[in-house]
Amino acid sequence: NILKQSSKEDAEKIISIAQRRIEKIAASYRQAFGADLQSVFLCGDYARGDYNTDSDVDYAAVVNGDRDGLQQKMKLVWQNAADLGLEYDIMVLPTLIPKADYEKYKTLLPQYQILQREGKRIVWRADKISFGLISRKSHGG
C-alpha cells in the first residue's frame, strides 16, 4: 500500500488527489446518465487498498437502460476519464454495466462477483457527491 510507504503529509496529499478524481469521474457519470445512474463503484487496486504508483483507477457504473443506448452516453465519461488521466498522470478506466445485466448475472459472472465483494460504492446525497465510500455491507450488492 502506497500510504504505508509515504509520510503522513504525502499520504494526505495522495488521499486528497484520489478524492478529487473520484468526485470528477462520479460527476461525469451523473452528467451522462442522470436519473438512470444507479451506482458508481471504485474497483480494483484502489478499492482493495493494494494500489501503488503504477496502478490504474477502475470504476464501474450500474445504469438503467439498454447497452447500445448507454454506450453512446458513455463517450462523455470516457473523455473526462482521458482528461483526468492526463491531469494526474494516471490511467482512469471507467466501465458501464446495464442494471438488468448486473441483476441477472451478479451471482454468475466472476467480474460482477468481484465487484460485489471488493467494490466500494461512491455515495451521493441529493445531487451532491460525497467523498465517502461505503462498505459492501452498506450497498447490499
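The values are calculated or read from the model by the stated rules, or taken from the named source; none is laboratory data. Computed from a predicted structure; not experimentally measured. Neighbour counts are summed over all protein chains in view; Cβ atoms, including those assigned to glycine, are modelled from backbone coordinates with ideal geometry. These area figures cover heavy atoms from the full protein model, side chains too; ligands, DNA and RNA do not enter into them. Shrake-Rupley method; radii C 1.70, N 1.55, O 1.52, S 1.80 Å.
Selection of first residues in the range 13-26 that are surrounded by 17 or more Cβ atoms within 10 Å (Cβ to Cβ) and at pLDDT 80 or above and of second residues that are part of a helix (DSSP H, G or I) and not hydroxyl-bearing (Ser, Thr, Tyr), restricted to Cβ pairs under 6 Å at least 6 apart or on distinct chains, gives the following pairs, ordered by first then second residue: Arg21/Leu84; Lys24/Leu84. Taking first residues from the range 39-67 that are over 18 Å from Ile25 (Cα atoms) and part of a helix (DSSP H, G or I) and partners that are open to solvent by 20 Å² or more (accessible area, probe 1.4 Å) and acidic (Asp, Glu), the Cβ contacts under 8 Å between residues at least 6 apart in sequence or on separate chains come to Arg48/Glu118; Arg67/Asp101.
Against the numbered list (1) within 13 Å of the chain's Cα centre (by Cα); (2) surrounded by 15 or more Cβ atoms within 10 Å (Cβ to Cβ); (3) at pLDDT below 90, Phe131 comes up short only at (2).
From the list Val63, Val77, the one residue that fits, being under 15 Å from Arg121 (Cβ atoms) and at pLDDT 90 or above, is Val63.
Regarding the range 90-107, can at least one residue be identified that is part of a helix (DSSP H, G or I), touching a residue at least 40 places away in the same chain (Cβ under 8 Å) and closer than 18 Å to Glu118 by Cβ? Yes, the range 90-107 contains at least one residue that is part of a helix (DSSP H, G or I), touching a residue at least 40 places away in the same chain (Cβ under 8 Å) and closer than 18 Å to Glu118 by Cβ.
Limited to the range 26-38, what total is found for residues that are assigned to a helix (DSSP H, G or I), within 14 Å of the chain's Cα centre (by Cα) and aliphatic (A, V, I, L, M)?
Of the range 26-38, the ones assigned to a helix (DSSP H, G or I) are 26-36.
Applying the additional criterion that residues be within 14 Å of the chain's Cα centre (by Cα) yields 26-30.
Applying the additional criterion that residues be aliphatic (A, V, I, L, M) yields 26-27.
Of the residues in the range 26-38, 2 are assigned to a helix (DSSP H, G or I), within 14 Å of the chain's Cα centre (by Cα) and aliphatic (A, V, I, L, M).
Only a single criterion out of (1) farther than 12 Å from Ile122 by Cβ; (2) open to solvent by less than 20 Å² (accessible area, probe 1.4 Å); (3) modelled with pLDDT of 80 or more is not satisfied by Arg48, namely (2).
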